[in-house]
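Undergrad: Please find one structure pasted underneath; my questions will follow.
The values are calculated or read from the model by the stated rules, or taken from the named source; none is laboratory data. These numbers were taken from a predicted model, which means no experiment stands behind them. Counting neighbours? That spans all protein chains shown, and the Cβs are built from the backbone with ideal geometry, glycine included.
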Ligand SMILES: CC(C)(COP(=O)(O)OP(=O)(O)OC[C@H]1O[C@@H](n2cnc3c(N)ncnc32)[C@H](O)[C@@H]1OP(=O)(O)O)[C@@H](O)C(=O)NCCC(=O)NCCS
């Protein structure tokens, strides 16, 4: 049976790290936590579903905290990687960034995360040469 691919945007915030930890510990996406944390936010939190299964989570943060550069983050369910969902989520986030009239977005990535770096470079991100407090590379993309 063909399953519907959908992307929803919630005005509910959740930390990307909580997603990463939950996926590592349990191997599933913690949908439950999203509903437990009904925090109003101007930041962008997107959830991609294939049928009823959550396959990817993406966010752009920085409006709530007043950061000049808004920061993008993404994770695809481990069972669903390499199928184009990451790229589709990134394209969605870039469209939202454009609608919100951002000039550029920033992201942080560990230098051994070659899959993610490959994705970001293929989507027009540049390595800035700067590092964040966790010694991750900082990359930027200009938004048209
Ligand atoms: C990084 C991540 C989001 C990629 O998502 P994905 O759905 O697997 O990626 P896609 O299938 O959309 O692939 C898009 C591009 O990413 C790159 N890529 C993805 N998997 C790759 C792999 N195994 N090897 C090399 N490049 C890869 C390629 O450039 C690919 O483009 P192509 O298919 O045209 O060659 C996913 O691996 C992930 O969730 N990783 C764990 C969380 C994480 O690291 N998040 C980023 C934190 S900065």
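Undergrad: Only residues in segment 103-130 that are over 16 Å from residue 70 (Cα atoms) count as the first member; pair them with residues that are assigned to a helix (DSSP H, G or I) and near the ligand (Cβ under 6 Å from one of its atoms), Cβ under 6 angstrom, at least 6 apart or cross-chain, and list the lot.
TA: Correct list of pairs: 119/86.
Undergrad: Taking the condition out of contact with any strand residue (DSSP E or B) (no Cβ under 9 Å at 6 or more places or on another chain), part of a helix (DSSP H, G or I) and at pLDDT 95 or above, does residue 32 pass?
TA: When the stated conditions are applied, residue 32 does not pass them.
Undergrad: Considering only segment 73-96, how many residues are part of a helix (DSSP H, G or I), closer than 11 Å to residue 48 by Cβ and near the ligand (Cβ under 6 Å from one of its atoms)?
TA: Residues in segment 73-96 being part of a helix (DSSP H, G or I), closer than 11 Å to residue 48 by Cβ and near the ligand (Cβ under 6 Å from one of its atoms): 2 in total.
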